[in-house]
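The structure under discussion appears below in the form of structure tokens.
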Amino acid sequence: LDQVITPGNAGYHPFDLYPSAGHQGDPAKAKQLLAKAGYASGVTLTLMYDDVDPDPQIAQVIQSSLAKAGIKVTLRQVPQNDLYGTYMVTPAQAKKGAWDLAIVDWGPDWFGNNGRTTVQPLLDGATYGPGASDYGDYNSPKENADISRALSASSSSAADAAWAQADRQAMQDAAIVPIDVHKHAVYHSSSVHGWYIDPYSRVGDVTDVWLSH
């Protein structure tokens with residue numbers, strides 16, 4: 001992925017701030033930037049992730065991919081409940097070095113204008129602290145202003161533009177590295193009508209269905 005906001009959500013406007021040949025990344029450029037930052041001999045980072053597929057497989061791909069750029073990744077798998085209930089929401093865990101990178105999954109509570117359930121919790125610096133979902137302690141005045149503007153927008157078009165700007169700002173700051181979109185197959189009988197998927201529960205809204213024979 002190239003951005004935080006994914007298709008089907010307000011603010012989604014495709015862009016790619018870090019293009020590379022074949023969309024495969026640029027290990028040589030990464031090494032150059034590491035050397036410029038004072039890590040010519042590489043750097044070692046701890047990647048924390050949970051035990052639910054496909055995160056363990058994604059972690060292995062990240063490890064092998066970053067190795068090409070001189071970044072050694074130490075894998076640390078923990079139970080899903082511990083990842084979200086202990087490590088990610090406790091700033092002291094990151095400060096003491098329990099993790100440097102983490103794989104987290106996130107989904108909207110509804111489709112459309114849902115930035116308050118996705119962009120805001122993950123990227124609004126005002127929310128950082130114990131129990132917050134701003135796991136990386138990202139706090140950008142520009143980002144916070146974009147989010148506030150989106151939340152107070154008086155029209156859907158204004159909200160869409162503000163969310164899009166918040167998305168671009170986060171990617172400019174490399175506050176997050178979007179990896180993939182999980183697609184879940186949900187089946188229902190052809191005789192079931194009014195079947196609308198709830199993205200939060202990943203099942204249909206059973207209060208609005210009706211049957212035909």
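The values are calculated or read from the model by the stated rules, or taken from the named source; none is laboratory data. Computed from a predicted model, the values in this text were never measured in an experiment. Using ideal geometry, Cβ is built from the backbone for each residue, glycine included, and neighbour counts are taken over all protein chains shown. Note: areas computed on protein heavy atoms with side chains; ligands, DNA, RNA excluded. Shrake-Rupley method; radii C 1.70, N 1.55, O 1.52, S 1.80 Å.
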Computed [θ] at 222 nm, deg cm²/dmol, the chain (DSSP H ≥ 4; -39,500 (n - 2.57); rounded to nearest 500): -8500 deg cm²/dmol
Sequence-separation-based contact order of segment 1-126, relative, with Cα cut under 8 Å and 6+ spacing, percent: 27
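Rg/Rh for segment 40-115: what does it come to with C-alpha atoms and Rh from Kirkwood?
Values: Rg = 14.2 Å, Rh = 13.7 Å.
Over the Cα atoms of segment 40-115, Rg/Rh equals 1.04.
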Can you tell which of 71, 179, 197 shows the greatest fluctuation in a Gaussian network model of the chain with Cα springs below 10 Å? 197
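Just in segment 149-202: which trypsin sites (Lys or Arg not before Pro) are loop by DSSP and have at most 16 other Cβ atoms within 10 Å?
Numbers: sites: 149, 168, 183, 202; in loops: 183, 202.
Passing both the DSSP loop test and the Cβ count: 183, 202.
Given a 1.4 angstrom probe, I'd like the percentage of the accessible area of the chain that is carbon and sulfur, rounded to a whole number.
Values: 6880 of 12720 Å².
The computed percentage sits at 54.
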Working from Cα positions, state the angle (0 to 90°, nearest 10) between the long axis of helix 141-151 and the longest principal axis of the chain. 0
Under a GNM of the chain (C-alpha, springs under 10 Å), which listed residue has the highest mean-square fluctuation: 66, 45, 33? 33
Relative contact order for the chain: what is it in percent, counting Cα pairs under 8 Å that are at least 6 residues apart? 22
Once you've got the GNM for the chain with C-alpha springs shorter than 10 Å, pick whichever of 97, 22, 136 has the biggest mean-square fluctuation. 22
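Find how much the distance from residue 210 to residue 157 grows on full extension, using 0.36 nm per residue of separation minus their present alpha carbon separation; answer in nm with one decimal. Walk me through the intermediate numbers first.
Working: separation 53, 0.36 × 53 = 19.08 nm, distance 3.35 nm.
Additional length available on full extension: 15.7 nm.
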In bins 5 Å wide, starting from 0, what share of all Cα pairs of segment 26-173 does each bin hold, as a percent? 2, 9, 15, 16, 17, 17, 14, 7, 3, 0, 0
Counting only other residues whose beta carbon sits under 15 Å from that of residue 98, what net charge do I get with K and R as +1, D and E as -1? -1
Alpha-carbon centroid distance for the pair segment 26-48 / segment 51-130, whole angstrom: 20
When ligands, DNA and RNA are left out and all protein chains stay put, how many square angstrom of accessible area per residue does segment 146-191 have with a 1.4 Å probe? 60
Under 13 Å, Cβ to Cβ, from residue 14 - net charge with Lys/Arg +1 and Asp/Glu -1: -2
Partners for residue 36 among lysines (Cα-Cα distance below 18 Å; same-chain residues under 8 apart left out): 68, 72
